[in-house]
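Bear in mind that the values in this text are calculations on the coordinates, not laboratory data. Predicted model only: the values in this text are computed from it and were never measured. Note that we place each Cβ from the backbone using ideal geometry, even for glycine, and neighbour counts take in every protein chain shown.
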Amino acid sequence: MKAFRYGIVLLFLSLVLFTPFFPCRAHAFTGQASQALPSPCAYGTGLAWDGRHLWVCDWKEARAFKVDPSTGAVLESVELPCARPEDIVYADDHLFICDATQALIYKLDLATGIVVKSYSAPESTPSALAWDGKNLWVADRGKDTIYKLNPFDGTTLDYFPAPAGDTEALTWDGKYLWAADRIRDELYMLSPLDGTVIMVVHSPGPYPTGLAFDGKSLWNLDFQDDLLYKLKYDDGEKVYTTDAAERQMTLVYRLTNLGPGVVTTAEVFLAVPEDSFPGQKLLDPIAFEPKPDRFDTDEWGQRVAIYKSRDMKPGESREISYTAKASIGIRRFCIFPDRVGRLEDVPPSIRKAYTAEGSRYRISQPLIVETARKIVGEEKNPYWIARKICKWVQDHVEYEMIGGWDIAETLIKRGTGSCSEYSFLYIALCRAAGLPARYEGSVALRGDDASIDDAFHRWCEVYLPNYGWIPVDPSGGDSPVPANQGRAFGMLGNKYFVTTHGGGDSKYLGWDYNHSARFSFKGKCEVREEVFGLWEPIAETSGTSSELSGKACKPK
């Protein structure tokens, strides 16, 4: 069936005079397909670049095909020395080949067709290879591990966890490793030092099984599409949006006086979302019911709708709400750590505001200062400062909602906290290290397109010179899977309606997000507050909800 479908693909391409170029956006982003060529074989599982040409290995026929990257024409082919080649990589006129059936790695001289070296793979199921000019890299799908090997004898020099559970391809771009996962259909840019997932890119096809880098572009072989995709590597686009969906969200706040006393005054503050920013765009003006008494802006630039009530008698309720229609997509940043500026490059106004003290941060306290110093060490790059702090918080805190929002020091001592407390600790440590940080707050989509949220979610943003404000979700990315950690840094799912950008101690919202309220009463008085978000889809979309989701976190 696979071979039959492969023939149909080739016939279709020839009939329509297949053009290799996709229509591109004005701004191209990392991972965007710009060209596609038919695979030279029906069961391609490996891809390599020799400086001028692509090489594709066929798992069924155990052959490697040399391909012209401009036309897709096959220039020659060579027999491979194993029954089932999983991947190939080019190195100095040779091909390294990994074979999972025998757990061996071969080095083949392309000029003579002779195997000049072979040795055992580090584990029994090698699935991908890369060459960095000095070392051989091998991924093992059974162990979910990537190994750095001495290419002469296969000695393991280093290893770290693979980004996810099914690594089918590796390549080297000159500074970073790239890996492809066939189940998640994602490509990952990795630090070669420890496997930290720096960037997450959705693969163009449903079964990515080969990767190569030609010096300017990534190439991705897809086993199911039988296509070779040429992908943009870095065209300057720093942030883009995918999987956008049009949704309606109504935020409802209800205050009820259960008596027996009188609520003498009540003030309610609703955070008003921005009209547009990466990943979210309002489709219509927000509809308030009833109209606010007035609007104002707090010290963080957050616009607030203000309502006031007086003399609420026992049994009386006051309900206020707004309805927003928005296009919400996955916010994705294309961050290259070596291109992030210095801390000294942060604009002075941002540095002053977002490295300041806060009543829940207490960044001048010895425990915060010393903890930040130990985490950061001698690191100077703002990106890696932010990643080190995030990793430390995730390693030392476990998610638990126990009521209240405690200060950062308490979290260090206790080791548990909610999403808000993760955020307070992360922001405190970043600010203590001189890195500007703030938080975002949202109403979260809970599973279905029509759903109710009464828990909400908060995460952080850090300011990286040359990139701006980057989303960081310490609690949402608290996972042993490196890919999940990477998705929570520089990426935000399409299931959050962002209402709030803040730094804490707001004159209206305090440490709340979405809403806040203050009231006074006379005599004995029980006051009940209810707040929830109601979601509805408003259009058919091709987007799907992202798996990136923060854990539930009730406001104070």
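Computed values, structure above
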{"quantity": "Helix-only [θ]222 nm of the chain, DSSP H runs n ≥ 4, -39500 (n - 2.57) each, per residue, nearest 500", "calculated": "-4000 deg cm²/dmol"}
{"quantity": "Length gained when the stretch residue 524-residue 61 is fully extended (0.36 nm per residue, less Cα-Cα span)", "calculated": "158.4 nm"}
{"quantity": "Residue 507-residue 83 FRET efficiency (beta carbon distance; Förster radius 60 Å; 0.05 resolution)", "calculated": "0.25"}
{"quantity": "Rg [Å, one decimal], Dmax [Å, integer] - segment 217-315, C-alpha atoms", "calculated": "23.8, 73"}
{"quantity": "Integer Hz, Karplus 6.51/-1.76/1.60 couplings in order for segment 98-114, x for Gly and Pro", "calculated": "10, 10, 6, 5, 10, 6, 10, 10, 10, 10, 10, 6, 5, 6, 10, x, 9"}
{"quantity": "Descending semi-axes in whole angstrom, ellipsoid equivalent of segment 2-237, from the Cα gyration tensor", "calculated": "26, 21, 16"}
{"quantity": "GluC sites (Glu not before Pro) lying in DSSP loop within segment 370-427, provided at most 15 other Cβ fall within 10 Å", "calculated": "378, 379, 400"}
{"quantity": "Approximate shape of segment 463-512 as ellipsoid semi-axes (Cα gyration tensor, √5λ), whole Å, largest first", "calculated": "24, 15, 11"}
{"quantity": "FRET efficiency, residue 73 to residue 479 (Cβ-Cβ, R0 35 Å, nearest 0.05)", "calculated": "0.20"}
{"quantity": "Alpha carbon convex hull of the chain, volume per residue in cubic angstrom", "calculated": "161 Å³"}
{"quantity": "Inter-part distance where segment 151-205 and segment 484-532 are each reduced to a Cα centre, Å", "calculated": "38 Å"}
{"quantity": "Dipole of segment 346-386 [Lys/Arg +1, Asp/Glu -1 at C-beta], most positive-end residue of 382, 368, 349", "calculated": "349"}
{"quantity": "Compactness of segment 261-412 as Cα Rg over 2.2 N^0.38 Å, two decimals", "calculated": "1.43"}
{"quantity": "Simple Cβ-charge dipole of the chain, Lys/Arg +1 and Asp/Glu -1, about Cα centre, in debye nearest 20", "calculated": "1480 debye"}
{"quantity": "Net lengthening on full extension, residue 134/residue 194 (0.36 nm per residue, minus Cα-Cα)", "calculated": "19.8 nm"}
{"quantity": "In order through segment 232-237: 3J(HN,Hα) via Karplus (6.51 cos²θ - 1.76 cosθ + 1.60), integer Hz, x for Gly, Pro", "calculated": "4, 9, 7, 10, x, 6"}
{"quantity": "In sequence order, calculated HN-Hα J values of segment 258-271 (Karplus, 6.51, -1.76, 1.60; Hz; x Gly/Pro)", "calculated": "8, x, x, x, 10, 7, 6, 9, 9, 10, 10, 10, 10, 5"}
{"quantity": "Listed residue (256, 207, 178) projecting farthest to the positive dipole end of segment 116-261, Cβ model", "calculated": "256"}
{"quantity": "Virtual spin-label span in nm between residue 293 and residue 254, 7 Å along Cα→Cβ", "calculated": "2.3 nm"}
{"quantity": "Dipole magnitude (debye, nearest 20) for segment 142-205, charges at Cβ of Lys, Arg, Asp, Glu", "calculated": "80 debye"}
{"quantity": "Sequence-distant lysines (8 or more away, or on other chains) whose Cα lies within less than 28 Å of residue 232", "calculated": "66, 134, 148, 175, 216, 281, 495"}
{"quantity": "Residue list for segment 71-102, given a label point 7 angstrom along the Cα-to-Cβ vector of residue 116 and an amide N cut-off under 13 Å", "calculated": "91-96"}
{"quantity": "Cα→Cβ-extended label distance, 7 Å offset, between residue 303 and residue 103, nm", "calculated": "6.3 nm"}
{"quantity": "Cβ charges +1 (Lys, Arg) and -1 (Asp, Glu), total dipole of segment 2-237, debye", "calculated": "300 debye"}
